[in-house]
Amino acid sequence: KKDIPVANFITHEIHCSRNIEVCRYCSELIPKSEMKNHIESEHAQVTCKCRMKIEKCLLKDHEASACPLRPAVCQYCDIQLTCNKLQDHEIYCGARTERCGGCGHNVMVRDLKEHPRVCG
């Protein structure tokens, strides 16, 4: 899949057909001697902590952006919990109240950022 001089084409083609093969999973060109290792290190099925089976090469992206057990931080109290518990926690946590130092009213934590605009 690279440009080569015409004079070298036949020997290059023979070399490639003997030594290189296309991975059936990712279509990468891999030396035949490394194909078994490539498949084991990149395409073996592994189980994430969320119990989803996934190719090893996709695990890091899954853990960072899609796994329901990836770490997440509450926007109100900065506690770290798993992503699948974040929404319920934030509904509860944002409904807590704190007393405003300016007007003395109890204000829900989720409204604290906007409260200064309406605070007497």
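Observations, loosely collected:
- Largest-first ordering by accessible area, 1.4 Å probe, given options Leu112, Leu81, Leu58: Leu58, Leu112, Leu81
- Karplus 3J(HN,Hα) series, Hz, for region 87-95 with 6.51 cos²θ - 1.76 cosθ + 1.60 (x for Gly, Pro): 4, 4, 5, 5, 4, 5, 5, x, 7
- Taking all protein chains as they are arranged and a probe of 1.4 Å, the heavy atoms of Ser17 leave approximately 80 Å² accessible to solvent.
- From helices alone, the chain scores -8500 deg cm²/dmol at 222 nm; the rule is -39500 (n - 2.57) for each run of n ≥ 4 DSSP H residues, then divide by the residue total.
- His89 contributes about 50 Å² of solvent-accessible surface, heavy atoms of the protein only, 1.4 Å probe.
- To the nearest ten degrees, helix 9-19 and the longest principal axis of the Cα atoms of the chain are 70 degrees apart.
- Exposed loop positions in the chain were taken to be GluC sites (Glu not before Pro) whose DSSP state is not H, G, I, E or B and which have at most 12 other beta-carbon atoms within 10 angstrom. Between these positions, the longest stretch is 29-113.
- Largest accessible area first, the listed residues Val109, Val46, Val22 line up as Val22, Val46, Val109 when surface is computed with a 1.4 Å probe on the assembled protein chains.
- Ratio of the Cα radius of gyration of region 1-41 to 2.2 N^0.38 Å, where N counts its residues: 1.32
- 11 Å beta-carbon shell around Leu69, net charge (K/R +1, D/E -1): +3
- Computed over the chain: relative contact order in percent, which uses C-alpha pairs under 8 Å that are six or more apart: 10
- The three principal axes of the Cα atoms in the chain give end-to-end lengths of 85, 34, 14 Å, sorted in falling order.
- What the phi angles of region 53-60 give under the Karplus curve with 6.51, -1.76 and 1.60, with θ = phi - 60°, is a coupling list of 8, 8, 5, 4, 5, 9, 4, 4 Hz, glycine and proline written as x.
- Accessible-area composition of the chain, carbon plus sulfur, in percent [1.4 Å probe]: 52
- The candidates Ile14, Ile30, arranged from most to least accessible area with a 1.4 Å probe in the full protein assembly, appear as Ile14, Ile30.
- Computed extension gain for Cys50 through Cys100, at 0.36 nm per residue and net of the alpha carbon distance, reaches 13.9 nm.
- Solvent-accessible heavy-atom area per residue, rounded to whole Å², over region 1-41 at 1.4 Å: 89
The values are calculated or read from the model by the stated rules, or taken from the named source; none is laboratory data. This one's a predicted model, so the numbers in the text were calculated from it and none came from an experiment. With ideal geometry, Cβ positions are generated from the backbone for all residues, glycine too; neighbour counts draw on all protein chains shown. Ligands, DNA and RNA are excluded from the accessible area calculation, which covers all protein heavy atoms including side chains. Shrake-Rupley method; radii C 1.70, N 1.55, O 1.52, S 1.80 Å.
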